[in-house]
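The values are calculated or read from the model by the stated rules, or taken from the named source; none is laboratory data. On a predicted model such as this, the values are computed, not experimentally measured, just so you know. Every residue, glycine as well, gets a Cβ built from its backbone with ideal geometry; the counts of neighbours run over all protein chains shown. Accessible surface areas use protein heavy atoms only, side chains included; no ligands, DNA or RNA. Shrake-Rupley method; radii C 1.70, N 1.55, O 1.52, S 1.80 Å.
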Amino acid sequence: MSARIGFLGLGNMGAPMAKRLLDWPGGLAVCDMRPEAIEPFLAAGADAVASAAELARQATVISITVVNDAQVREVITGPEGVLRTAAPGTVVAVHSTISDRTAEELGAVCGARGVELVDAPISGGAAGATRGALAVMVGGSEAAFEQVREPFGCFADLIVHAGPVGAGTRMKLARNLLHFVSFTAATEAQRLAEAAGLDLTALGKVVRHSDAVTGGPGAIMLRDTTAPIQDGDFWLPILRHVRDLGEKDLSLALELGERLGTPLPLAESALDRLGPGLGVGAGTPVSERQSS
């Protein structure tokens, strides 16, 4: 609890995260190139520094929220980067979503200097940061995870140790794959609804309402493996039921789309892949569906 926290990058995500650390017992130092981003933190009692190197002189846990791999490299290994001054035992947490290979590479560079790097991407957006309700996926050693868990708890209510350096980023990429594939599916659903003459905003209200109740796609992510489910397994009847409902509804949506002249390629793929993806196999064979 006595560790001094440094926070670099006070943009849309970084600012609300850092604000949650203003009351941290060990104190907070911040760094950003824009004076207007720094001013509210100075007014609230934080210290401000001009470079990542200066931040590392003052803090033993440093959070970084910049835009991309190149910026992360610069603030860690550049001429005025963290590693210029960081003492052994410092923990550097990268919240930016970068390549897992970049995280592993920088983890090795930091480790050679006695500095621990954790890749700690976040999920929940600025609204989640403001409420202290982010999810953080941490890749790093057990010791580093223990050092960051309490300060991260100021802006997150779910902190997962995903594994070694790089694992946090890999978990974030898997999570965002679901996110953006779901967005793409939403655009396909909107096209079908529009072709059917429906109110798209009303459809959106229904989707948000029901997902808030059921948990959305995450509701099926409860097993610890993707292997086929064996007879006698608790999940077999449950996920067969999910498959049967899904295949029925997808088939009806595809039939509606065909009548309306609206291609639904994601729905076609989902119909073929839902059962096998759930681990229970297809319900109605593809050949029978195609001949019906």
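A few points about this structure:
- Screening the candidates Leu42, Leu106 for the property of being open to solvent by less than 10 Å² (accessible area, probe 1.4 Å), out of contact with any Gly (no Cβ under 9 Å at 6 or more places or on another chain) and not in a loop (DSSP other than H, G, I, E, B) yields one hit, Leu106.
- Of the numbered criteria (1) open to solvent by 50 Å² or more (accessible area, probe 1.4 Å); (2) more than 29 Å from the chain's Cα centre (by Cα); (3) not aromatic (Phe, Trp, Tyr), the one Gly257 fails is (1).
- The numbered conditions (1) touching a residue at least 24 places away in the same chain (Cβ under 8 Å); (2) open to solvent by 20 Å² or more (accessible area, probe 1.4 Å); (3) more than 21 Å from Phe152 (Cβ to Cβ) are all true for Gly89 except (3).
- Odd one out for Arg208 among (1) open to solvent by 90 Å² or more (accessible area, probe 1.4 Å); (2) in a helix (DSSP H, G or I); (3) in contact with a helix residue (DSSP H, G or I) (Cβ under 9 Å, 6 or more places away or on another chain): (3)
- Taken over the stretch 45-86, the criterion of being open to solvent by 40 Å² or more (accessible area, probe 1.4 Å), touching a strand residue (DSSP E or B) at 6+ places or on another chain (Cβ under 9 Å) and within 18 Å of Pro16 (Cβ to Cβ) is satisfied by Gly45, Ala48.
- Those residues of the stretch 78-102 which are in a helix (DSSP H, G or I) and not polar (S, T, N, Q), in sequence order: Val82, Leu83, Arg84, Asp100, Arg101
- Top-ranked residue of the stretch 149-166 - restricted to ones that are in contact (Cβ under 8 Å) with a residue 60 or more places away in the chain and either open to solvent by less than 80 Å² (accessible area, probe 1.4 Å) or aromatic (Phe, Trp, Tyr) (or both), ranked as nearest to Gly257 (Cα to Cα): Gly166
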